[in-house]
Each structure stands twice: as structure tokens, then as C-alpha cells.
Amino acid sequence: MKIKEPFYNYEKMYRAVKPLEQMWKKDEHGNQIPSSAVFKDSKGVSVDRQNYRDNQDAVNFIQWNFKDSSIISVTVNDCEEVEANYLSDPTEANPYHCIIRGSDTMELRKAQAKRLSKKAVLETQ
Amino acid sequence: MSSHVQPFLRDEDSRVSNLVSNYQQLMINQNKRKISRTQGALIRKLDTFCTLEDDWNGYEAVPIHREAMESAFQFVMNLSSTKEYRQLDIFPVPNGHVQIELERGHTYLEFEFREDGQVDIFSMEGNQEKEVTRLFNQSCIDDMIRMVDTIENKGTLL
């Protein structure tokens with residue numbers, strides 16, 4: 001799988017989720033999974049890239065910016081698998097800021113949002 | 001065939017609706033029509049969406065549109081009160097819509113209730129995807145409930 005530079009294989013992309021109880025559900029096996037609504041945004045899905053940081057350091061950084069939120073992650077490989085684009089979009093306050101977007105539109109297609117939600121990992125509650 | 005209920009009771013003076021209160025009023029008006037545990041749980045969760053203000057997800061989400069909540073409420077009230085749809089769940093969407101989803105095995109069904117009186121119906125089964133946007137009316141509700149029942153009974157839409 002070809003990962004677009006400057007990203008690297010299995011680099012994580014982090015997103016804050018709140019309110020947790022409204023955005024998560026239990027699947028038929030009792031596992032907690034996020035709704036695809038977590039990945040629906042007309043401006044593209046705002047995330048932080050890992051950028052060679054230790055996982056916990058990256059989680060702490062985004063959690064500092066999004067207090068009272070849970071943190072989930074997907075990898076750039078997950079984005080490739082669902083044919084979503086990902087691009088670096090650093091800001092003055094957040095050099096790790098990135099956008100996950102659809103191929104033709106900023107918003108992911110419903111299928112892309114659903115598939116990404118199934119791949120999401122809960123990093124911290 | 002699901003029974004038709006009167007449209008959600010509007011309170012034009014109230015900036016934020018309280019669906020549970022209105023639902024309780026609806027029950028009284030309709031001779032305490034029974035609802036299932038699933039319907040009750042969905043309505044209670046839907047009611048919490050009223051509290052979501054600007055930027056509720058930290059990424060500039062907008063408050064949930066009243067019209068979207070009313071459509072979702074109407075759909076839930078049309079579900080059979082004698083069945084338990086355990087896999088049905090309801091979520092706020094950052095664009096102000098309301099999403100109801102059902103997932104069973106490899107079959108996924110999603111309804112996104114919009115503020116413009118339409119609903120996006122999306123289904124995914126393996127690699128097959130289907131998405132349509134329809135006017136939200138009683139005929140549409142009946143079709144949506146048929147889809148839910150098909151997945152509940154057969155585990156597939158195929």
C-alpha cells in the first residue's frame with residue numbers, strides 16, 4: 001500500500017469524540033463502536049497526525065486541546081483502504097492538524113464514514 | 001403495517017423542544033398508547049440532543065435541527081410497539097441532522113433525517129452500497145420500517 005508523503009505506514013490520525021455516550025453504540029457482540037456520524041463533517045474530518053510521536057504523547061496532546069473528550073484513532077492505511085484522502089493542514093496552534101476528506105468533496109461519502117468508524121480504535125475514554 | 005401517529009406537537013414559543021414532555025402529552029392524548037422499550041430508549045436519547053449547543057463536538061458542529069428531530073421522532077413512533085429492535089440506535093450528526101442506524105452482521109442500514117423534510121437512506125451489505133434521498137412522508141416511513149423489519153427477520157436486505 002502506497003502511503004502519501006509526508007505520512008508513513010500505519011501512522012495514526014487522532015480525533016476527539018464528545019459526548020461519548022451519544023456517539024458510541026454496542027455492536028451485536030457487545031463491543032463499543034463509534035457511530036459513523038463521528039466521521040461526518042462538511043468541512044472534512046479534522047484530525048491530528050501522529051508524526052513520529054509516542055502514541056501516549058500524541059493522545060495527551062489532542063486531549064489537552066479537547067478536554068472532556070475521548071480520543072479515537074485510525075491509521076493512514078485505513079484511510080487508503082476506504083479511498084479517503086488525507087492531507088496535512090498545520091495551524092499555528094496545532095502543527096499536527098490534518099484533514100481526512102472525500103475524493104471529490106470535503107465530506108466523506110456515507111460508506112467511507114461507516115468503514116472508517118469500523119476501523120476506529122478507542123485510545124482513551 | 002405500522003400505525004400512523006399525528007405529527008409531533010409543536011410548541012412555537014419554545015426555542016428548544018422537549019420531546020419527552022411532548023411525547024408524554026402525546027400519550028395522554030392518544031389514550032396512553034404503549035411503546036416498546038426500544039422506542040422509549042430511542043426517544044429518551046433523542047431528547048438529549050436538544051441540549052447540544054453550537055460546537056458541541058469541539059469541531060464546530062451545529063445544534064441539531066428541530067425538523068430533523070421531529071422526523072426522527074415520527075419514525076420511531078411508527079415502529080411496532082410489540083417488537084424490540086435491539087440493534088437500532090440514534091445519533092446526532094455534526095451538520096445538525098439525526099441519524100438512526102441498524103447493524104447486523106455484514107448488513108448496515110442508516111437513515112439520516114434532514115432539516116429540509118427529506119431523509120437519506122443508505123444501506124451497505126458487503127461491497128454493495130445503496131443511497132437514496134427521499135421526501136419524508138408516510139409512504140417513506142412504511143418503506144423504511146419494512147427495511148428494518150427485513151434485516152431484523154432475515155439478517156439481510158438481499
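Observations on the model:
- Qualifying position, being in contact (Cβ under 8 Å) with a residue 40 or more places away in the chain and either over 19 Å from A:GLU11 (Cβ atoms) or charged (D, E, K, R) (or both), among A:ASP78, A:ASP104: A:ASP78
- Some residue of region B:48-64 being touching a residue at least 40 places away in the same chain (Cβ under 8 Å) and within 10 Å of the chain's Cα centre (by Cα): no
- Filter result (outside any strand (DSSP E or B) and under 13 Å from the mean Cα position of the chain (by Cα)) within region B:98-114: B:ARG114
- Some residue of region A:83-99 being surrounded by 15 or more Cβ atoms within 10 Å (Cβ to Cβ), within 18 Å of A:GLN125 (Cα to Cα) and of a type outside the set (A, V, I, L, M, F, W, C): no
- Flag if B:TYR108 is hydroxyl-bearing (Ser, Thr, Tyr) and out of contact with any Ser or Thr (no Cβ under 6 Å at 6 or more places or on another chain): yes
- All positions within region B:127-155 that are more than 16 Å from the chain's Cα centre (by Cα) and of a type outside the set (Gly, Ala, Ser): B:ASN127, B:GLN128, B:GLU129, B:LYS130, B:GLU131, B:VAL132, B:THR150, B:ILE151, B:GLU152, B:ASN153, B:LYS154
- Checking A:TYR52, A:TYR8 one by one, the residue that is on the phi > 0 side of the Ramachandran plot and among the aromatic types (Phe, Trp, Tyr) is A:TYR52 and no other.
- Of the numbered criteria (1) among the polar types (S, T, N, Q); (2) away from chain A (no Cβ under 11 Å); (3) farther than 24 Å from A:ASP27 by Cα, the one B:THR51 fails is (2).
- Filter pass, B:PHE91 being touching a helix residue (DSSP H, G or I) at 6+ places or on another chain (Cβ under 6 Å), at pLDDT 95 or above and either at positive phi or outside any helix (DSSP H, G or I) (or both): yes
- Qualifying residue in region B:106-117 (condition: within 25 Å of A:ASN31 (Cα to Cα) and without any contact (Cβ under 8 Å) to a residue 12 or more places away in the chain): no
- When residues of region B:101-123 are limited to those that are crowded, with 22+ Cβ neighbours inside 10 Å and closer than 17 Å to B:ARG66 by Cβ, the one nearest to the other protein chains (Cβ to nearest Cβ): B:GLU112
- All helices (runs of 4 or more DSSP H) inside region B:1-87 with 1 or more residues being within 27 Å of B:ARG104 (Cβ to Cβ), of a type in the set (Ser, Thr, Tyr) and modelled with pLDDT of 90 or more: B:37-48, B:66-78
- Selection count, region B:63-100, where residues are closer than 20 Å to A:LYS43 by Cα and facing another protein chain (nearest Cβ under 10 Å): 8
The values are calculated or read from the model by the stated rules, or taken from the named source; none is laboratory data. All values derive from a computational prediction rather than experimental measurement. Because the Cβ atoms are built from the backbone with ideal geometry, glycine has one as well, and the counts that use them run over all protein chains shown.
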